[in-house]
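The values are calculated or read from the model by the stated rules, or taken from the named source; none is laboratory data. These numbers were taken from a predicted model, which means no experiment stands behind them. Methodologically, a virtual Cβ is constructed for each residue, glycine included, from the backbone with ideal geometry; neighbour enumeration extends over all protein chains shown.
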Amino acid sequence: MEQLLERIFDELAFLRANMATKDDVAALKDDIRALESRASHIEQTMATKDDIASIEQRMATKDDVADIPFIKQAVMETLETINEIPAIKQTLSEALRKLDNVIASQARQELVLQSLAFRSLEQENEIRALKAK
């Protein structure tokens, strides 16, 4: 009987030492709520397969990265051309002004030629009139 009592006391002591108290259970519940909150936050902020697929589609490939020096060169050449545009405009403006001068000069020359042609016809008529006498 003493052994039985001793065994019961040992088990009671074991249960007291290893059994959770109300405070322990409450603390565990708080820990579980905190973990649930963290898991929920992770689920909300974690990338989905669609997000990853979208990123992969927009991400540069090795070939794209290899093309970067050529793209830079093309951009630099384009910038140089853009910087030359004002000079090209100036040259074009001067050429147009010269063309306008040439057109005006041709118009004057056309008038001179018409006058000379008219004068030539008058002289030709005068010569015919003299020959006819």
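A few comments on the model shown:
- Pair list, Cβ < 6 Å and 6+ apart or interchain, from region 14-29 residues that are at pLDDT below 80 to residues that are among the small types (Gly, Ala, Ser): none
- Being hydrophobic (A, V, I, L, M, F, W, C), at pLDDT below 95 and loosely packed, with under 10 Cβ neighbours inside 10 Å is not true of PHE118.
- GLN44 meets each of the listed conditions (1) surrounded by 10 or more Cβ atoms within 10 Å (Cβ to Cβ); (2) assigned to a helix (DSSP H, G or I) apart from (1).
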